[in-house]
Amino acid sequence: QQITEEVVAFSVPSYACQRRTTLENHNMVLTDALSLLAENAELSEEDGRGVAFRRAAAVLKCLPEPVRSMAQLRGLPCLGDHSLRVIKEILETGASSEVESMRESERYKALKVLTGIFGVGAKTADRWIREGIQDLQQLRDSEQTLNRAQQAGLEHYHDLNQLVTKAEADAISEIMERTVISVLPGAQMTLIGGFRRGKQTGHDIDFLITHPEEGREEGLMSKVVSCLEAQGFLLYQKTTRNSYLESSSGPGRPSSNMDRFERCFSIFKLAKEDKRGETLMEDGAKTLNGDPGSHSPSSGQSQASGDRKRASEDGAKDKPSKHKRWRAVRVDLVVSPISQFAFALLGWTGSKLFERELRRWAGHERSMSLSSHALFDSKQGRYLRATSEEEIFAHLGLEFIPPSERNA
Ligand code: 8DG
Ligand code: MN
Ligand code: MN
């Protein structure tokens, strides 16, 4: 009697926005490997390859069980030759030699450390590496000029490379909520980004702010930022004003997929709790010496020259201090008018790949253009209104996927 093992191939639609991807990942070993290849491609400014690996990883993330054989992958979308080769080697030997040697390579390690500094992207890191800078100490010893973001990034390097917990996100949400309502009663604040998707940790915390009356949100960001600053909560902030209506390409047809809301990239000073659960903000702020909140010499100057300083002027400030009773946390704020709120909410909830796939679906499958501001239907030559995420999915002809299932 012949026993044939039945191989049930998985079946998966090709766009990530057509799939439900929870945080439960049955193929972590495979997706970690592919994500590392994606990351390395992005750090090398090969974005096309980066996206290809991200798409391959995302397909494996949504499978209902661990992959056991290559045969199960037959017919799956987005798995290119390179990704399949990596998967095959891992299934056979437990690891991918390419991934392992990349992880250990000096270049990857240096790129990782240097881009781990807030304000440092792949281009800058690459330039520094070519100039012989591989780590933070070499950067400090060098004569490199750092902008204000990078100075803050270097200063708070240790804290900003610790994952933010849900508890910390809740604590900052409470502070934010209080602040936003105090500067504009009736304003509404929503947690977006990874925490809205149900993640328990993240690299930052993202908030979207609006007001139910159109126009009332104008000027809100600067008031919120001033109020946070007055309370001593901000170690760094850079606000970018709204440029949506100034764009020559017009609303909904942005030239890039960067959006143009008023927003703020900040570093928050969050008090750690003592054993009784009391926050130590006041205490910590007063007694700490070398408190970054009490200003590096150049802060407050707005001239370009005042914003820059030598890497060597920053001491070894990223070292965790025993007595430090607060920690630095990255926080992103976005303000949107209520008329664009649903688009902003959808556009800023992520994941990044899910967003990218939504736009690709809109363009390629529906001749529509989706941004975090609007949805434009090219066939009808008009904007499609929406007051909820559900309506936007409906306009796009997609089944509604809730935030917790957008973890592609
Ligand atoms: P994490 O912080 O938990 O690690 O993950 P995340 O919350 O998913 O990532 P994020 O880097 O904080 O980004 C949150 C969302 O915001 C994500 O969907 C991508 C989106 N986003 C940016 N920058 C921009 C932008 O310039 N325009 C638009 N529309 N979205 C953006 O990060
Ligand atoms: Mn985030
Ligand atoms: Mn963010």
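The values are calculated or read from the model by the stated rules, or taken from the named source; none is laboratory data. On a predicted model such as this, the values are computed, not experimentally measured, just so you know. Here the Cβ positions follow ideal geometry from the backbone for every residue, glycine too, while neighbour counts run over all protein chains shown. The protein model used for the area step is the full one, side chains on, heavy atoms only, and it has no ligands, DNA or RNA in it. Shrake-Rupley method; radii C 1.70, N 1.55, O 1.52, S 1.80 Å.
Residue-wise HN-Hα couplings along the stretch 83-96, as the Karplus relation 6.51 cos²θ - 1.76 cosθ + 1.60 with θ = phi - 60° gives them from phi, are 4, 4, 4, 5, 4, 4, 5, 5, 5, 7, 10, x, 7, 10 Hz; Gly and Pro carry x.
Need one word for the stretch 174-232: rounded, prolate or oblate. Basis is the Cα gyration tensor (sqrt eigenvalues a ≥ b ≥ c); a/c below 1.5 gives rounded, then a/b vs b/c decides. Oblate.
Spin-label model, T145 to R359: label points 7 Å out along the Cα-to-beta-carbon direction sit 3.2 nm apart.
The length gained on full extension between R103 and A230, counted as 0.36 nm times the residue separation minus their Cα-Cα distance, comes to 41.4 nm. Tell me whether the stretch 18-175 comes out rounded, prolate or oblate; compute the Cα gyration tensor, take square roots of the eigenvalues as a ≥ b ≥ c, and use a/c under 1.5 as the rounded threshold. It comes out oblate by the Cα gyration axes. If a spin label sat at a point 7 angstrom from the Cα of T387 along the line to its beta carbon, the backbone N atoms of the stretch 181-207 nearer than 17 Å would be those of 188. Taking label positions 7 Å along the Cα-Cβ direction at both Q200 and Q134, the computed distance is 3.6 nm, reported to one decimal.
Between E89 and K324, the contour length at 0.36 nm per residue exceeds the Cα-Cα span by 80.0 nm. Which shape class applies to the stretch 16-102: rounded if a/c is under 1.5, otherwise prolate when a/b exceeds b/c and oblate if not, where a ≥ b ≥ c are the square roots of the Cα gyration tensor eigenvalues? Verdict is oblate for the stretch 16-102. Peptides 74-80, 357-363 ordered by packing proxy, namely the average of other Cβ atoms within 10 Å per residue, highest first: 357-363, 74-80. In terms of distances greater than 18 angstrom between alpha carbons, the cross-link table entries K112/K166; K269/K324; K166/K199 yield K112/K166.
Solvent-accessible surface (1.4 Å probe) assigned to D307 amounts to roughly 40 Å². Taken as Cα centroids, the stretch 14-93 and the stretch 163-185 sit 35 Å apart, rounded to the nearest whole angstrom. When the surface is traced with a 1.4 Å probe over the full set of protein chains, I90 keeps roughly 20 Å² accessible.
A straight chain from S339 to K272 at 0.36 nm per residue would run longer than the Cα-Cα distance by 20.3 nm. Modelled label positions at E45 and K112, each set 7 Å beyond Cα in the direction of Cβ, lie 2.3 nm from each other. Ordered by 1.4 Å accessible area with all protein chains kept, H373, H26 run largest first as H26, H373.
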